[in-house]
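First the structure, in the form of structure tokens, and then the observations on it.
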Amino acid sequence: MKSLKTFFLLIFFWTISFSILGQVNKKLDDPKSWEVHNREVSFNNGVIHLNSNPGDGILWLKGSDFQNGTIELDIKGKNKIGASFVGVAFNGKDNSIFDAVYFRPFNFQNPEKKEHMVQYIAMPHLDWKTLREGHPGKYETHIAPAPVPNDWFHVKLEINYPKVEVYVNRSPTPTFTIEEQINVSGHGKIGLWVGESSEGWFKNISIKQKKMENYTRILMDVVHNQVFWNDPKSMKLENEKIGRVYMMTEELFKTSRAINATVDYAKGEIDSNMLSDIDILYIHIPKKQYTKKEVKAIHRFIDDGGSLFIIMDSDYWSSLNDTNVNDIITPYGIQYGGAIPDKLAGGHTIKGEIHDKPLKISYHEARKVIGGTPFVYGDELGKAYPAAAYVKTKKGGKLVVMGEAMVSLYMTSWQGVDDYQCQEFMQDVFSWLKK
């Protein structure tokens, strides 16, 4: 696992409210506002109670999609060693994929365990144990002054993606700061969380969501049998590819942060509804055919001004018989051809609309790109065989079509060369696509 080192306001008579931009209020003492996972839940005079049970339990707020803002609430656990873990989940995708900040009340007055009072986790893979072993002291800390273990304590989370600040008992300064959430999407459901064999009480809940900033929304296709890219949190730890996917995801996180973007994953059939609030669709070496409905939805997306970043490689990974990617791009005057016949590794970009200066990039066994404006070549054969080109449509859509995949896998080292500029390349391409 070391290889992976890589939220509320009391209203009169106990009314709990959910406030978005200070405009919409929704009573949250109605059980219909919530959906529970692996717990029994009760609502009594403004107090929400989750019972104890083996495994984690979460009470999700239906319809929530929170990114930045303030989450406040009062929480109470028990002074029961190893069986009282209570907190808030956010960035939730489902019952197993979420982030959380939680507390261990049984450690509040234990001087030997004081550094383990409050914890951040990024599930399912980066639990407390993994983070403690890989990053000791970074994702957990003490609380001063410490709350009373069996009493209510007040919690405020100030979230400004990717930063999280935790305030306890109305302290003017943060008790705990997570500088970087381990999450590329940076948004999702919020919920009340209890850990293994734990019960918890929650009240005075207030959620104030800031106006969404001008983030670029990237959607990565992972449903067409992609050779490399995947949502690492959806993969089993036993999967031999998970280490590489986490490494690439960490690099993509750097790219997205640099251009003020978030990344989500397309795990079902691509349609216009899925693409409605997306800026860039990212397709990387698929090995499955796109349906006519999917192709039509992608065309509508581009024709409405959306951007597409699509990557193939030589026949070694995926052939044009495996996937009909040319059906997606040919209407825009660009298509994939056969393999480029060069023998030497290494490639470069040229200075132009995408790159301010030429970049040295990893390159090996690429596919020809025919049409568009070329900007990537192999070092051996040069401009005879473009390995990437771009297109701008009359309606404002943009396409970057690549026939080389190593640079987009962030492979900075290849055959003795250790200075390929993959991160710079990816930042430039996504930055151009977002404009």
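Going through SER185, SER198, SER171 one at a time, which residue ends up being modelled with pLDDT under 95 and not hydrophobic (A, V, I, L, M, F, W, C)? Step by step, each of SER185, SER198, SER171 is checked, and only SER185 is modelled with pLDDT under 95 and not hydrophobic (A, V, I, L, M, F, W, C).
The residue that is surrounded by the fewest Cβ atoms within 10 Å (Cβ to Cβ), counting only those in the stretch 18-44 that are modelled with pLDDT of 90 or more and not in a strand (DSSP E or B), is LYS32.
How many of the residues making up the stretch 179-210 are part of a loop (DSSP other than H, G, I, E, B) and touching a strand residue (DSSP E or B) at 6+ places or on another chain (Cβ under 9 Å)? Final tally of qualifying residues: 13. Please indicate, with yes or no, whether at least one residue in the stretch 151-163 is over 21 Å from LYS233 (Cα atoms) and not in a strand (DSSP E or B). Yes, that holds for at least one residue. Residue count for the stretch 331-363 under the criterion of being open to solvent by less than 70 Å² (accessible area, probe 1.4 Å) and outside any loop (DSSP other than H, G, I, E, B): the result is 10.
Has the stretch 365-372 got any residue that is modelled with pLDDT under 95, of a type in the set (D, E, K, R) and under 32 Å from the mean Cα position of the chain (by Cα)?
yes
PRO172 meets all of the listed conditions (1) more than 28 Å from the chain's Cα centre (by Cα); (2) more than 17 Å from PHE108 (Cβ to Cβ); (3) open to solvent by less than 40 Å² (accessible area, probe 1.4 Å) but one, namely (3). Would you mention how many residues in the stretch 45-66 are more than 29 Å from TYR161 (Cα to Cα), modelled with pLDDT under 95 and surrounded by fewer than 17 Cβ atoms within 10 Å (Cβ to Cβ)? The number of residues fulfilling the criteria is 1.
Are any residues in the stretch 382-396 in a loop (DSSP other than H, G, I, E, B) and buried (at least 21 other Cβ atoms within 10 Å of the Cβ), and if so, which ones? Steps first, answer last, please.
So the first thing to find is which residues in the stretch 382-396 are in a loop (DSSP other than H, G, I, E, B), and the list is 385, 393-396.
Residue satisfying the conditions is TYR385 alone.
Condition check ((1) part of a strand (DSSP E or B); (2) more than 25 Å from HIS187 (Cβ to Cβ); (3) among the basic types (Lys, Arg)) across all residues:
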site	(1), (2), (3)
PHE90	yes, no, no
PHE106	no, yes, no
ARG132	no, yes, yes
GLY137	no, yes, no
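Within the stretch 294-330, the set of residues being among the hydroxyl-bearing types (Ser, Thr, Tyr), open to solvent by less than 50 Å² (accessible area, probe 1.4 Å) and under 17 Å from ALA366 (Cβ atoms) comprises SER314, SER318, SER319, THR323. The set of residues in the stretch 397-432 being among the aromatic types (Phe, Trp, Tyr) and either touching a helix residue (DSSP H, G or I) at 6+ places or on another chain (Cβ under 9 Å) or open to solvent by 20 Å² or more (accessible area, probe 1.4 Å) (or both) consists of TYR410, TRP414, TYR420, PHE425, PHE430. Considering (1) in contact with a Ser or Thr (Cβ under 7 Å, 6 or more places away or on another chain); (2) at pLDDT below 75, say which one THR15 fails and leave the rest. Looking at each condition in turn, THR15 falls short on (1).
Would a scan of the stretch 193-216 turn up a residue that is in contact with a helix residue (DSSP H, G or I) (Cβ under 6 Å, 6 or more places away or on another chain) and open to solvent by less than 50 Å² (accessible area, probe 1.4 Å)? Please lay out each step first, then the result.
Of the stretch 193-216, the ones in contact with a helix residue (DSSP H, G or I) (Cβ under 6 Å, 6 or more places away or on another chain) are 216.
Next, only the ones that are open to solvent by less than 50 Å² (accessible area, probe 1.4 Å) stay: 216.
Yes.
Within the stretch 289-317, being at pLDDT 95 or above, polar (S, T, N, Q) and more than 25 Å from the chain's Cα centre (by Cα) holds for GLN289, THR291.
Within the stretch 318-363, being under 28 Å from the mean Cα position of the chain (by Cα) and small (Gly, Ala, Ser) holds for SER318, SER362. Residues of the stretch 264-313 that are hydroxyl-bearing (Ser, Thr, Tyr) and touching a strand residue (DSSP E or B) at 6+ places or on another chain (Cβ under 6 Å): TYR265, TYR282, SER307.
Remark: pairs (first residue in the stretch 189-209, closer than 20 Å to ILE121 by Cα; second residue among the polar types (S, T, N, Q) and part of a strand (DSSP E or B); Cβ separation under 9 Å; 6+ apart in sequence or on different chains) = LYS189/ASN91; ILE190/ASN91. Within the stretch 397-417, the residues that satisfy the criterion of being over 17 Å from ILE302 (Cα atoms), out of contact with any Ser or Thr (no Cβ under 6 Å at 6 or more places or on another chain) and assigned to a loop (DSSP other than H, G, I, E, B) are GLY403, GLU404, ALA405, TYR410, THR412, SER413, GLN415, GLY416. The set of residues in the stretch 229-262 being open to solvent by 50 Å² or more (accessible area, probe 1.4 Å) and in a helix (DSSP H, G or I) consists of SER234, ARG244, MET247, GLU250, LYS254, ARG257, ALA258.
The values are calculated or read from the model by the stated rules, or taken from the named source; none is laboratory data. Quick caveat, the model's predicted, so the values are computed rather than measured. Don't worry about glycine lacking a Cβ; one is built from the backbone with ideal geometry, like all the others, and counts go over all protein chains shown. Only protein heavy atoms, including side chains, enter the accessible area calculation; ligands, DNA and RNA are left aside. Shrake-Rupley method; radii C 1.70, N 1.55, O 1.52, S 1.80 Å.
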